[in-house]
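Trainee: Have a look at this one.
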Amino acid sequence: MRPLTKVLLPIDFSERSAGAARYARLLAGRCTCEVILLHVVVPVQFQLGPVEMAGITIPEVYRDQMKLIQRELDSFQAAQMVGVKSRTVVLEGDPASRIVEIAHGEEAGAIVMPTHGYGPFRRFILGSNTAKVLHDADCPVWTGVHIAETPQRDLDLRHVLCAVDLGPQSAQALAWAAELRRLFDTRLTLLHVTAAVPETSNHTQDALRANLRWGAEKEMRRLLATAGMEADLAVEAGEPANVICAAATHLEADVLVIGRGSASGVFGRLRTNAYAIIRQSPCPVVSV
């Protein structure tokens, strides 16, 4: 697990960015890390069509735009980063590529950014930039569809839910959940979702359900023992995204930690559902 000494906060000046900033500030306040506020400017030649560019001196447009953006970012920093160490960076290029590049170059411990979506269908929408960052970043990404609704005050973490598929990535997801528990002194629940078995009185199917639960609980206890920690255990059956998000709602989790990457082994179903989990989760999701 990379040390949480820097948090990268991509900014587009929307309410979603303001919500993400509150979580970045919350993290920075607990672990005294630095928040890097990043805004990426799409190159002018891609913003203006050939007709619109006629008669305009591109260098002048670029300089004016960069000055304006820097002022906006400085104002955003002053309003949102009170009491924490922070700095601003303005770059040009493809937003997702630049976010991943800066996160890697700065050795950021996490990227905090909102998903993209509006109105009643936002739970089904994952913005292209967020999807690219989730795919390419080598550090945890903290995101969520409800991030714009983050409370202005009294933001805290009281319950961390960590959903694992018991594959290779599970130890890293648990390590991040454990760090959040340490920083915020929270309750931690470890959840695994097994394959659904039809609910019948068939003895063979009853035995299969019992074996799946037994195997999962054994692996979860081994994972916790290796990490030298304790947590509440939960094993549920069904479609991972639906079950995990329902559990987050039922447990009133303040943040959900999952693994992302290539799934492997008989337990490996969670990470193939990472995008669906992020879209449906009632709370922010940290994908490790």
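Trainee: Assuming 0.36 nm per residue, please report the length gained on full extension of the stretch residue 196 to residue 249 beyond their Cα-Cα distance.
Mentor: On the way: separation 53, 0.36 × 53 = 19.08 nm, distance 2.03 nm.
Length gained between residue 196 and residue 249: 17.0 nm.
Trainee: Sticking with this one: Which of 62, 275 has the fewest other C-beta atoms within 10 Å, and how do the rest follow up to the most? Present the calculation step by step, with values, prior to reporting the outcome.
Mentor: Working: 62 15, 275 18.
With the fewest neighbours first, 62, 275 line up as 62, 275.
Trainee: Can you tell me the length gained on complete extension of the stretch residue 79 to residue 42, counting 0.36 nm per residue apart and subtracting the Cα distance?
Mentor: Values: separation 37, 0.36 × 37 = 13.32 nm, distance 2.45 nm.
Extending this stretch completely gives an extra 10.9 nm.
Trainee: Here is a follow-up. How much length is gained if the chain between residue 94 and residue 22 is pulled fully straight, taking 0.36 nm per residue apart and subtracting their Cα-Cα distance, in nm to one decimal? Please list the in-between numbers first.
Mentor: On the way: separation 72, 0.36 × 72 = 25.92 nm, distance 2.50 nm.
Full-extension gain reported as 23.4 nm.
Trainee: With a point put 7 Å past each Cα toward its Cβ, work out how far residue 68 is from residue 205 in nm, to one decimal.
Mentor: With each label point 7 Å from Cα toward Cβ, the separation is 6.3 nm.
Trainee: Arranged by the count of other C-beta atoms within 10 angstrom, fewest first, what order do 189, 130 take?
Mentor: Values: 189 19, 130 24.
By the 10 Å Cβ count, ascending, the order reads 189, 130.
Trainee: Evaluate E = 1/(1 + (r/R0)^6) for residue 138 and residue 237, where r is the Cβ-Cβ distance and R0 equals 35 Å; express this FRET efficiency to the nearest 0.05. The partial results should precede the final answer.
Mentor: Details: r = 33 Å, r/R0 = 0.93.
After rounding to 0.05, the efficiency reads 0.60.
Trainee: Ranking 214, 176 by Cβ neighbours within 10 Å, fewest first, what do you get?
Mentor: Values: 214 11, 176 25.
Fewest to most other Cβ atoms nearby, the residues stand as 214, 176.
Trainee: Quick one: which residues, 5 or more positions from residue 34 or on another chain, have an amide H under 5 Å from its amide H? H modelled 1.01 Å from N in the peptide plane, none for Pro or chain starts.
Mentor: Correct list: 6, 7.
Trainee: Using only Cα atoms, figure out Rg for the range 156-288 and give it as a multiple of 2.2 N^0.38 Å. Kindly include the intermediate steps, with their values, before the conclusion.
Mentor: On the way: Rg = 14.2 Å, N = 133, 2.2 N^0.38 = 14.1 Å.
For the range 156-288, the normalised Cα radius of gyration comes out at 1.01.
Trainee: Further question on the same structure: Which of the aspartates and glutamates could a cross-linker bridge to residue 85, judged by Cα under 16 Å and excluding same-chain residues fewer than eight apart?
Mentor: Qualifying aspartates and glutamates at Cα under 16 Å: 34, 74, 106.
Trainee: Go through the range 90-101 residue by residue and turn each phi into a ³J(HN,Hα) via Karplus (6.51, -1.76, 1.60, θ = phi - 60°); whole Hz please, and just put x for glycine and proline.
Mentor: Taking θ as phi minus 60°, the curve returns 10, 10, 10, x, 6, x, 4, 5, 5, 4, 5, 4 Hz for the range 90-101.
Bear in mind these aren't lab numbers, they're just calculated from the coordinates by the rules spelled out. Nothing here was measured: the structure is a model prediction, and the numbers come from that model. Please note: Cβ atoms are built from the backbone with ideal geometry, for glycine as well, and neighbour counts cover all protein chains shown.
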